[in-house]
Every structure is written in structure tokens, then in C-alpha cells.
1. Per DSSP H run of at least 4 residues, take -39500 (n - 2.57); add these up for the chain, divide by its residues and hand me the 222 nm value, nearest 500 deg cm²/dmol.
2. 7 Å from Cα along Cα→Cβ at both residue 87 and residue 147: what's the point-to-point distance in nm?
3. Report the full-extension gain for the segment residue 23 to residue 126: residue separation times 0.36 nm, less the Cα-Cα distance, to one decimal in nm.
4. Helix 59-79: angle to the longest alpha-carbon principal axis of the chain, degrees 0 to 90, nearest 10?
5. Using a 10 Å cut-off on Cβ atoms, rank the peptides 140-152, 25-37 from the highest mean neighbour count down.
6. Modelling each spin label as a point 7 Å along the Cα-to-Cβ direction, I'd like the residue 119/residue 9 distance in nm, to one decimal.
7. Rounded to the nearest 0.05, what FRET efficiency do residue 54 and residue 105 give with R0 = 25 Å and r taken as the Cβ-Cβ distance? Could you check?
8. Computed from the mean reciprocal separation of all distinct C-alpha pairs, what Kirkwood hydrodynamic radius does the range 3-167 have, in Å?
């Protein structure tokens, strides 16, 4: 349940960012995903701590919830028209782009669920997950900056500072 304070700091800072910037749709969408995945962790911890069930959510329940959130993310990204980038694979040097169509949806869902579970697998009390997440968000912030997606870059910076605050504990 320690993740609750971490999540609250991200929510408050993101709401402030939403108030003060023009294009806040990407932040709203990323905040939705963050809250969704955080809610899975909260429910799991709640079952373990309050219900006194050491198992928490089953792996299958967590996996299905993660897939559900990732699918909702994809649908909302289409509704908010946040896909001003290619949905295909660009092959460098020969200039060919292979359209992915439905495979793109599968890729996005797989990436989100995989990234979340990769962090969970490295999680321990040694700070490894936090350190790796900081490195990942630095790279995402740089990619967003160079592509002109400043609101996404801002959300990555919010995550970096939240992780740095968490890292000291």
C-alpha cells in the first residue's frame, strides 16, 4: 500500500500540469493508465493486508486487468486522436513502411503489459526497479522532446521526479 503515496503525488502533479498546459489530452490518457495499473496493485495489496489473504489477486486476474487497461488505453488514444505517428514499422535505409493494422493493437497491448510486468519482476527492496524505471522514463522524455510531444515529455519528467522521491526511501 506504499504505492498509494507515490500514486497520489503523480496524480496531484499531473493535475497541476493539466491546468497549466494547452494540450493536456496525452497527460490525461497517461494518467488514466497510471491510475489503472496502480489500482491493480492497490487491490492486490488490499486483499493481502485487509482480507488477510496472502495470495492477493491471482496472476490470471492481474494479467486480464492489465490487458483490459491497455486495450482501453488504445481505444482512448484513438478517440483523442493521439496517434499522429505511424502505426507501421519503418525499415531504415530502404524507406519502406510495413503497415501493422490489427497487429499494431496487439503490439501496443503487449508492450504495456510487458513493460509493467518487467518492472514487477525486477522489483525488490534494492531499488533496482526504481533505477531502471528512471532510466526508461529519461529515454521516453528525450524521445518525446525530440518528437515535439512536450506534454508526454512533461509526464515522463513527473514520473522521474516521483521515482526519485521514492528512490530515497
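1. Mean residue ellipticity, 222 nm, calculated: -25000 deg cm²/dmol.
2. 1.5 nm
3. Gain on extension, residue 23 to residue 126, equals 33.4 nm.
4. 40 degrees
5. Top to bottom by mean Cβ count within 10 Å: 25-37, 140-152.
6. 1.4 nm
7. E(calc), rounded to 0.05, equals 0.10.
8. For the range 3-167, inverting the mean 1/r across all distinct Cα pairs yields 17.3 Å.
Values in this text are rule-based calculations from the coordinates and carry no lab data. Computed from a prediction, not measured in an experiment: that's the story for all the values here. For neighbour counting, all protein chains shown are included, and Cβ atoms are generated from backbone atoms with ideal geometry for every residue, glycine included.
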